[in-house]
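> Structure provided below as structure tokens; questions to follow.
The values are calculated or read from the model by the stated rules, or taken from the named source; none is laboratory data. The structure presented is a predicted model; accordingly, all values stated were derived computationally and were not measured. Please note: Cβ atoms are built from the backbone with ideal geometry, for glycine as well, and neighbour counts cover all protein chains shown. SASA here: full protein model, heavy atoms, side chains in, ligands and nucleic acids out. Shrake-Rupley method; radii C 1.70, N 1.55, O 1.52, S 1.80 Å.
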Amino acid sequence: RICILSYQYLANVCREFRQKSDILANKLKALADGITAHDIAPCLKRCTLDIIVQTTSRLDINAQNDNDDTTLNSITNIIDMLAMRAMKPWFYIDWIFSASELGKIYDKAVKHCHGLINNEIEKYKRMRETADNRDLNDKKITLMDLLMQYADISKEEIVGEMVSIVGAGTETTSTACGFVLALLGDNQHIQERVLQEQQDIFGDDILRPVRSDDLPRMVYLEQVGN
């Protein structure tokens, strides 16, 4: 059963990636006029946050449509405060950091993220207690489902894992995507090869959903991403 659930989870990841990426593409298309330069880092970060949150839990914060700036700001604050703490050795002492303004911002952000995940865990527990198996099977499989059912870890450990994945994953993934796009912009000949490979795969139907059999054909794109 764990193999089946893992496959369903991966299918959910692919589905959410496609849906959220379509939203991102439409937003970037609306900005692109061929003349004006835009900072797309916020767009990448919101898209990444939506995908990671949706596939790790049942939350749909819809950050790309500006529906949840609080969660986005909280994750940004966690990353920023940890970076600042690393550069100031006196903040390595917990009580000094907690008493500082940075520590207060960090604690508030962590409490917000922990609260979201805790609420989802409680909802999942209630659903397992009250719903039949058919109701559970109709739901999208998320990472939290797998951890709740099969991981021999405590609720606190699950919360910690989820917050770490969402926080670190959002920042690193969006930054890496932005860096790759910037390099492609500076290296037009590589960008053209990437585009040509996509056109060879999708043909005239460039907007169709990506299929699993498309991925092995994206050889050059994978090299660029790596």
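> Distance check, please: which entries in Lys27/Lys155; Lys20/Lys123; Lys45/Lys104; Lys45/Lys125; Lys111/Lys155 exceed 27 angstrom between their Cα atoms?
Those over the limit are Lys27/Lys155; Lys45/Lys125.
> If you roll a 1.4 angstrom probe over the protein chains with everything in place, what fraction of the accessible area of the chain belongs to carbon and sulfur, to the nearest %?
That fraction is 57 percent.
> HN-Hα J couplings of region 90-100 from phi, Karplus 6.51/-1.76/1.60, θ = phi - 60°, integer Hz, Gly and Pro as x?
Residue by residue, region 90-100 yields 5, 7, 5, 7, 4, 5, 5, 5, 4, 7, 7 Hz.
> Then there is this: When the helix-only estimate is applied to the chain (DSSP H runs of n ≥ 4, each -39,500 (n - 2.57), divided by the residue count), what is the mean residue ellipticity at 222 nm, nearest 500 deg cm²/dmol?
After summing the helix terms and dividing by residue count, I get -24500 deg cm²/dmol.
> Once a ≥ b ≥ c are taken as the square roots of the eigenvalues of the Cα gyration tensor of region 86-218, is the result rounded (a/c under 1.5), prolate (a/b larger than b/c) or oblate (a/b not larger than b/c)?
oblate
> Just want to confirm a number: the relative contact order over the chain, from Cα pairs under 8 angstrom separated by 6+ residues, in percent.
25 percent
> Here is a follow-up. With every protein chain kept in the model, how would you rank Ser98, Ser74 by accessible area, 1.4 Å probe, largest at the top?
The ranking, largest first, comes out as Ser98, Ser74.
> Something else about it: With +1 assigned to the C-beta of every Lys and Arg and -1 to the C-beta of every Asp and Glu, and no other charges, what is the dipole magnitude of region 33-86 about the Cα centre in debye, to the nearest 20?
Roughly 280 debye for region 33-86.
> For region 105-226, build the charge dipole from Cβ charges (+1 Lys, Arg; -1 Asp, Glu) around the Cα centre, then report which of Leu143, Thr130, Leu207 sits farthest towards its positive end.
Thr130
> Taking square-rooted eigenvalues a ≥ b ≥ c of the alpha carbon gyration tensor, is region 50-116 rounded, prolate or oblate, where a/c under 1.5 means rounded and, failing that, a/b exceeding b/c means prolate?
It comes out prolate by the Cα gyration axes.
> Leaving out ligands, DNA and RNA but keeping every protein chain, what accessible area does Val210 have, in Å² rounded to the nearest 10, with a 1.4 Å probe?
Ignoring ligands and nucleic acids, Val210 comes out at about 70 Å².
> Have a look at Met162, Met127, Met81 and tell me which one the Gaussian network model of the chain (Cα, springs below 10 Å) gives the largest fluctuation.
Top of the fluctuation ranking is Met127.
> Moving to a separate point now. Calculate, for the chain, the solvent-accessible area per residue in square angstrom, rolling a 1.4 angstrom probe over the heavy atoms of the protein chains.
It amounts to 62 Å² per residue over the chain.
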